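The values are calculated or read from the model by the stated rules, or taken from the named source; none is laboratory data. All values reported here derive from a predicted model rather than from experimental measurement. Cβ placement follows ideal geometry from the backbone for every residue including glycine, while neighbour counts extend to all protein chains displayed.
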Amino acid sequence: MKFIIQRDKLIASVQDVMKAISTRTAIPILTGMKIEAKDHGIKLTGSDSDISIESYIPAESDGMVHVEEIEEGSIVLQARYFPDIVRKLPEKTVEIEADSNLKVTIRSGKAEFNLNGQDAEEYPQLPKLQTDDSFELQTDLLKNLIKQTVFAISTMETRPILTGVNLKLEGKQLKFTATDSHRLASREIPVKEANIEFSSIVVPGKSLNELYKILDDTDEPIEISVTNNQILFRTKHLYFLSRLLDGTYPETSRLIPDQSKTVLYVNTKDLLNTIDRASLLAKEDRNNVVRLTTKDGQTVEITSNSPEVGRATEEISAKSIEGEELKISFSSKYMLDALKAIEYDEVKIEFTGAMRPFIIRPVNNDSILQLILPVRTY
Amino acid sequence: MSNWYPKKGRVIFHIDMNCFYASVGMAYNPKLKGKPLAIAGNPEERKGIVVTSSYEAREKGVKTTMPVWQARKLCPSLIIMHPNFDRYRTASAEMFKMLTDITPIIQPVSIDEGYIDITECKHLGNPIEIAQNLQNRILKELDLPCSIGIAPNKFLAKMASDMKKPLGMTVLRKRDLPYKLWPLPIEKMYGVGKKTAEKLQAIDITTIGKLAHANVYQLRQILGINGERLKNRANGIDHRIVDPEAVNEFKSIGSSQTLPEDTTNEADIRQLLHLLAENVERRLKRKQAAGRNVQIMIKYYDHKTITRSRKLPYYIDKKADILMIAKELFIQHWNSEPIRLLGITVQEVEEKQYIAQQLDIFTYEKEAEKEKLYNVIDRLSQKYGKNPFKQMHGTNIDDQPHTSFQKDFLNDYKQ
């Protein structure tokens, strides 16, 4: 195997593939990165058996040559050293050559590295998915869906199913839902063409976080295919396969209150900044509690109080407040996460009482929903 | 009169009840006075040990933590009594109430000892008079002897109260150190345990005086930061204040118990875990507190002891929750060898008024049911000040805690 490749292309691909490689894995060869050279381009593969990523660098695209002098072949390289070497090489191009004894030579300018490789035959075959059952989405829209929901997953292993994001595709509506049981985030978007439906698959939050980092902000399509235990995301040059979580995702739609007693309309940024300030005195080990009190038809008071530190109070004028008076305590962290995920200037917050979940949505837009459970103070 | 008080600095008493449990027993039954008496937990059971004893018993060699059979051997005429915690609680509360008549600056340390700061008590007389009056009053009204240490700080006061027992009164000023404190063997120093004493003796620090003049660097090497602190104490330096709030800073609440015999019987073990969790729940309830770390202790037949704990993302105070975590830890860590003693401790304990409970989407309905009630309380609180209702915490006469018993009492005198 041999090829000469543009170093920046190689760096980008290596970085993407590294997202799937773990130093702790049951199968030793998975600590390595597989490199395959074909006439038409180079393919890099990494996997920790939960996530597998393939990144493809075409020999030529849009009239630009990325890879030259290709002699077909494949090798597995130690992922612990390879990325740093590539990153620090001196020249714009890198030559990689593997001989029949699995010795790999990496050259760039006058720098030369000799590494021991492993036989690519020993690298496990990645499962190939049927691509019949698939649908397409704009890549940037998918990134948005991930960003607006994945932060709400649980980090606790006590309920493993909640460490994932629930995906639903029904009636050409795609919905992402995540909850750690203290707050819930969901986002829904229409999908143009879908020849599949699924109601309850759960993708590990870790997979979506990695996918988010790898994907570019582009309106180019991404193809999503689902089987009963895996999900595949595929763009022109990327193949991202993740295991699904076993188990049934709890039914969340019935948990969302459909009526409210107090409705607050407020500028998103104003509220976000006020809560951010108040949270300076809200202590993490005490749930970051801030308190919201409606004062009159226009004013809301945000306070925080730590017995040993002190107290913060700030009033904020709302666009309007409808319904009953309210005094409610909640985690400032959850509130900030939720407000940041809503990318609209105005929000509507619907409360149904101090001990019940409340809902944050953009005004006149039901596709984004953030739900937070309050904190009960004794 | 006021020249008894230093111009700068403080006057601190350490009050130490003499043989408290035994003395209370004698106060209730004067016939026991002058006789060798021991208070022992579960005298009829195998693990019964002497909790405390009268001076008459001590003369015969009876010591605290000694097994009952051994004490009986040393002192055949020994009278053994069950502890009566309600009596101790009452006596302790009465004693602390007398202290509040002198000053509000009181720091109870356990059921039978505490510090008071009388720097601002000139109107009551000089320190010796105040101490004498206090000692007389406790003896006359409660029939209980105590020793009082009078010193410019807590450490010296503590050392002083220990110098003369029973009914002692010792003044320990800094200028007295060379002849009163320094000749004492190092293991007599408060804050020096068996391990520390061994380490100090190994470098020829055998008296408190030698510690006072020891090399700080050397001390720091063998004892860390504590080495320097001990040296300061030996030189009569202790800046800790008498802090009435210190009592409230409980960090953990636990319960442990020895099994009647070493066992691998899971039914017995399960039963004990239930009992321990129940004890812990009761203590948490009494303090209106909850914790978010559960620790279990397993002591095996060969005295090998392990502790294992788990931190939780939320606070718990219910028996069921405590028991669940304790059982999980137990199953995970028990090596199947016979067990002698089990303990459950809830750590990272906070008073509920400082805890905010994050509600859960799958369970909030239960809490929400009480919402109306909370609203009413809230409104009434605003109207009438602090929560006019207190949750009924079942006060139980049989409420006799065991291990952290001594600490449980510290607040009682305020009620």
Matching entry among A:Leu169, A:Leu126 (being of a type outside the set (Gly, Ala, Ser) and surrounded by 18 or more Cβ atoms within 10 Å (Cβ to Cβ)): A:Leu169
For segment B:4-20, what are the residues that are of a type in the set (Phe, Trp, Tyr) and over 13 Å from B:Glu113 (Cβ atoms)? B:Trp4, B:Tyr5
If I go through segment B:318-350 residue by residue, how many of them are surrounded by 15 or more Cβ atoms within 10 Å (Cβ to Cβ) and within 14 Å of chain A (Cβ to nearest Cβ)? 6
So the check is Cβ under 6 Å with 6+ separation or different chains; which pairs have a first residue in segment A:185-208 that's surrounded by fewer than 20 Cβ atoms within 10 Å (Cβ to Cβ) and a second one that's part of a strand (DSSP E or B) and of a type in the set (Phe, Trp, Tyr)? A:Val191/A:Phe135
Within segment A:1-112, which strands (runs of 3 or more DSSP E) (wholly inside it) include 3 or more residues that are crowded, with 21+ Cβ neighbours inside 10 Å? A:32-38, A:41-47, A:51-58, A:73-78, A:93-98
Just checking, does segment B:277-287 include any residue being closer than 30 Å to B:Tyr179 by Cβ, modelled with pLDDT of 90 or more and not in a loop (DSSP other than H, G, I, E, B)? no
Sort out which residues of segment B:166-189 are part of a loop (DSSP other than H, G, I, E, B), touching a residue at least 24 places away in the same chain (Cβ under 8 Å), surrounded by fewer than 16 Cβ atoms within 10 Å (Cβ to Cβ) and not aliphatic (A, V, I, L, M), and write them in order of number. B:Pro183
Within segment A:330-343, can one find any residue that is surrounded by fewer than 14 Cβ atoms within 10 Å (Cβ to Cβ) and not assigned by TED's automatic domain parsing to the domain that holds A:Val150? yes
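At pLDDT below 95 and farther than 30 Å from B:Glu350 by Cα: which single residue out of A:Ser260, A:Ser306, A:Ser279 fits that description? I'd like the intermediate steps shown before the answer.
On the way: A:Ser306 fails: farther than 30 Å from B:Glu350 by Cα; A:Ser279 fails: farther than 30 Å from B:Glu350 by Cα.
That would be A:Ser260, the only listed residue that is at pLDDT below 95 and farther than 30 Å from B:Glu350 by Cα.
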Filter segment A:325-351 down to the residues that are β-branched (Val, Ile, Thr) and in contact with a helix residue (DSSP H, G or I) (Cβ under 9 Å, 6 or more places away or on another chain), then identify the one that is nearest to the other protein chains (Cβ to nearest Cβ). A:Ile349
Quick one: how many residues across segment B:118-164 are in a loop (DSSP other than H, G, I, E, B) and crowded, with 16+ Cβ neighbours inside 10 Å? 10
Among the residues of segment A:224-258, the number that are part of a loop (DSSP other than H, G, I, E, B) and within 14 Å of chain B (Cβ to nearest Cβ) is 7
So, in segment A:169-208, exactly how many residues are within 25 Å of A:Ile349 (Cβ to Cβ) and not aliphatic (A, V, I, L, M)? 12
With more than 26 Å from B:Gln353 (Cβ to Cβ) and in a strand (DSSP E or B) as the only criterion, which of A:Glu314, A:Glu322 stands out? A:Glu322
Quick one: how many residues across segment B:252-268 are over 11 Å from B:Leu341 (Cβ atoms), among the aliphatic types (A, V, I, L, M) and crowded, with 16+ Cβ neighbours inside 10 Å? 1
